[in-house]
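Trainee: First the structure, which I've put down as structure tokens, then a few questions once you've had a look.
The values are calculated or read from the model by the stated rules, or taken from the named source; none is laboratory data. Keep in mind that this is a model prediction, so the values were computed, not measured. Using ideal geometry, Cβ is built from the backbone for each residue, glycine included, and neighbour counts are taken over all protein chains shown.
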Amino acid sequence: MSERAARAFLDPVEERLAVLDRAILLAEWRLVTGASRRGSGPWQARRHRLLNAPGLLESTRAFRAAGYGGSLERRLTLLERTTLETRIEQEPEIVRLRGRLQSRVARYRPSWHGRRVSRIVPRTALRTSPDRRERRRAFYAEEPLYRALEDDLRRLVAVRNGNAREFGFRSYPEFRLSFDRLSVAQFEELTEAALRHVAVEMRRCRDAFQDRTGDRGWYPWDAPYEDHLAKGLSDAYFPGREMLRAVVDGVRGWGVPAATLRFRVTRHDLASGGLCLAPDPPRDVRVVIHPGNGGWLEYSVLFHEVGHAVHSASIRGRTHLLRWHEGVPGFGGFHEGIGEFFCLIPESEAWLRTRRHLPPEAIRSFRRAASRSPLTNVAFLAHWTGLELGLYLRPNEDPAERSRRLERRIFGFDAHPARSFADSFFIELPVYATSYLIATLLRAQLSRAVRDQVGGPVWPNRKIGPWLIDRWFRGGSSFDWLPRVREVTGAPFGAAAFNEEMARALARH
């Protein structure tokens, strides 16, 4: 089988795929920004027909087995992954059900004190309200939506599992994690390793909360408030009207070229904190953020999304599959790890000093708390991913009871009514929550590599941007990230750097 024959097979498929992928993302953009209620279902159906053509998967595998090497072999590998994902996740029954649920999630507005409000309102109350009853109300604010979606989510889970088994995978999570070169067992081992110092931190958080407030007990609506009190930064120092300019200026402090900071930004209420879509990287990159009032947390979310945007705008792959890293299976953990790495900027002392009138003592207190906050993040992610994996691996188990067990073991929370197990991510981005836990560990490993290889302060440091672009961004999806981590950092991917960082943070404070 000649290379010429392989290109004659691959090129038209990839060109047509590029058109459909752009159309899908543009439809998703219109849905999440409220410009349309249709979603991308019709385009996904066309994509499914393209990649479900008789003999396409078999031909892709045969050409890939010829071992051409270079970009041709890589493109064939990515086409095989994409075809598998399409046949399992873009099957018409899933597309119809998922699209209907996505539309319901996108249109929903929680009721708050008798009126419909943006999701940001109860989420802000959960984090900042000194009224414990108000925080509890905020914790359950989206229950009417998600309780009504549980049966349909179970149907989605069953169909996904069945489709994955038809292609030789034991479960949908095994299929999804295989692209990251991980099994479910290996992911669970990573999770357990990352939880090494969590119990100590959760006990400290509980005791600190009770000492600050005089309240007894320890509940899910107390943990975000304790984190807010510990960090102690008033939202007034981070006004919403200045957020975009401040974030872009902060990223410039890493020496990121101006050309990669040209992307479209839209404000709209979202089920998630923020969103970056790249219909045609590097030319067309877009960011959606909440129309909130600012605050350090919103700034941090925007730094995360701008990190994705810089990544997509830096890619220089020659073809669609080599450019479209965020849409190719196997890049979720790496993609989110880059976003988390950009959050080092708003956590740095030098950047915080750029905020007008922010007292030095407030900065010191914040940094003490922020140095330990990845442990709280890992605790939340371990519960989130454990709950979702249980839906696929133990479908007959009661999700509410599983949620309670996980919360008691990880956080030490007292008994409380379990929230719905449904989640917008579980509907739209199945088993993507695992990417955020991977990302937390990857951020620590990249941080250590930057200290060793680049040197200098966290911010400003105009060498960091070029280091990221050269080693990680420019190649797009031309490499698998897991072996690249070992190549660039000199160590296999794992929880070692994270645990070392957290041990130092706990020892200091």
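Trainee: With the condition kept exactly as written, say whether any residue in segment 276-290 is closer than 30 Å to Ala422 by Cβ, touching a residue at least 60 places away in the same chain (Cβ under 8 Å), in contact with a His (Cβ under 9 Å, 6 or more places away or on another chain) and assigned to a loop (DSSP other than H, G, I, E, B).
Mentor: Among the residues of segment 276-290, at least one is closer than 30 Å to Ala422 by Cβ, touching a residue at least 60 places away in the same chain (Cβ under 8 Å), in contact with a His (Cβ under 9 Å, 6 or more places away or on another chain) and assigned to a loop (DSSP other than H, G, I, E, B), which makes the answer yes.
Trainee: To continue, here is another question. Do any helices (runs of 4 or more DSSP H) entirely within segment 41-133 hold 3 or more residues that are touching a strand residue (DSSP E or B) at 6+ places or on another chain (Cβ under 9 Å) and at pLDDT 95 or above, and if so, which? First the steps, then the outcome.
Mentor: Details: elements: 41-51, 56-65, 70-89, 92-107, 120-128.
Helices (runs of 4 or more DSSP H) meeting the threshold: none at all.
Listed here are the residues, each with its yes/no results for (1) polar (S, T, N, Q); (2) touching a residue at least 24 places away in the same chain (Cβ under 8 Å); (3) buried (at least 19 other Cβ atoms within 10 Å of the Cβ); (4) part of a helix (DSSP H, G or I).
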site	(1), (2), (3), (4)
Pro457	no, yes, no, no
Asn461	yes, yes, yes, no
Gly465	no, yes, yes, yes
Leu468	no, yes, yes, yes
Ser478	yes, yes, yes, no
Arg484	no, no, no, yes
Ala491	no, yes, no, no
Met502	no, yes, yes, yes
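Trainee: Hey, any hits in segment 313-320 for a residue that's hydrophobic (A, V, I, L, M, F, W, C), crowded, with 23+ Cβ neighbours inside 10 Å and not in a helix (DSSP H, G or I)?
Mentor: Yes.
Trainee: Would you confirm, using the coordinates I've provided, whether Ala449 is among the aliphatic types (A, V, I, L, M) and either in a helix (DSSP H, G or I) or touching a helix residue (DSSP H, G or I) at 6+ places or on another chain (Cβ under 6 Å) (or both)? It would help to see each step written out before you state the result.
Mentor: Values: among the aliphatic types (A, V, I, L, M): yes; either in a helix (DSSP H, G or I) or touching a helix residue (DSSP H, G or I) at 6+ places or on another chain (Cβ under 6 Å) (or both): yes.
For Ala449, the condition - among the aliphatic types (A, V, I, L, M) and either in a helix (DSSP H, G or I) or touching a helix residue (DSSP H, G or I) at 6+ places or on another chain (Cβ under 6 Å) (or both) - is met.
Trainee: If we scan segment 163-184, do we find a residue that is over 17 Å from Tyr432 (Cβ atoms), without any contact (Cβ under 8 Å) to a residue 12 or more places away in the chain, part of a helix (DSSP H, G or I) and out of contact with any helix residue (DSSP H, G or I) (no Cβ under 9 Å at 6 or more places or on another chain)?
Mentor: The answer is no, given that none of the residues of segment 163-184 is over 17 Å from Tyr432 (Cβ atoms), without any contact (Cβ under 8 Å) to a residue 12 or more places away in the chain, part of a helix (DSSP H, G or I) and out of contact with any helix residue (DSSP H, G or I) (no Cβ under 9 Å at 6 or more places or on another chain).
Trainee: For the subset of segment 141-151 comprising residues that are within 30 Å of Arg212 (Cα to Cα) and buried (at least 18 other Cβ atoms within 10 Å of the Cβ), which member is farthest from the chain's Cα centre (by Cα)?
Mentor: Pass one, segment 141-151, residues within 30 Å of Arg212 (Cα to Cα): 141-143.
Next, from what is left, pick out any that are buried (at least 18 other Cβ atoms within 10 Å of the Cβ): 141-142.
Working: Ala141: 22, Glu142: 20 Å.
Filtering first and then ranking leaves Ala141.
Trainee: Let me ask another. Taking segment 406-456, which residues are more than 15 Å from His335 (Cα to Cα), among the aromatic types (Phe, Trp, Tyr) and within 13 Å of the chain's Cα centre (by Cα)? Even if it seems obvious, please write down each step before you answer.
Mentor: Quick first cut of segment 406-456, residues more than 15 Å from His335 (Cα to Cα) only: 406-428, 430, 447-456.
Narrowing the set further to residues that are among the aromatic types (Phe, Trp, Tyr) leaves 411, 413, 421, 425-426.
Selection gives Phe425, Phe426.
Trainee: Another question about this same structure. Which condition from (1) assigned to a loop (DSSP other than H, G, I, E, B); (2) acidic (Asp, Glu); (3) crowded, with 16+ Cβ neighbours inside 10 Å; (4) in the same structural domain as Glu388 (by TED's automatic domain parsing) is the one that Asp215 breaks?
Mentor: Failed condition: (3).
Trainee: For Ala313, all conditions in the list (1) at pLDDT 90 or above; (2) closer than 27 Å to Ala370 by Cβ hold save one; what is the number of the exception?
Mentor: So the condition that Ala313 fails would be (2).
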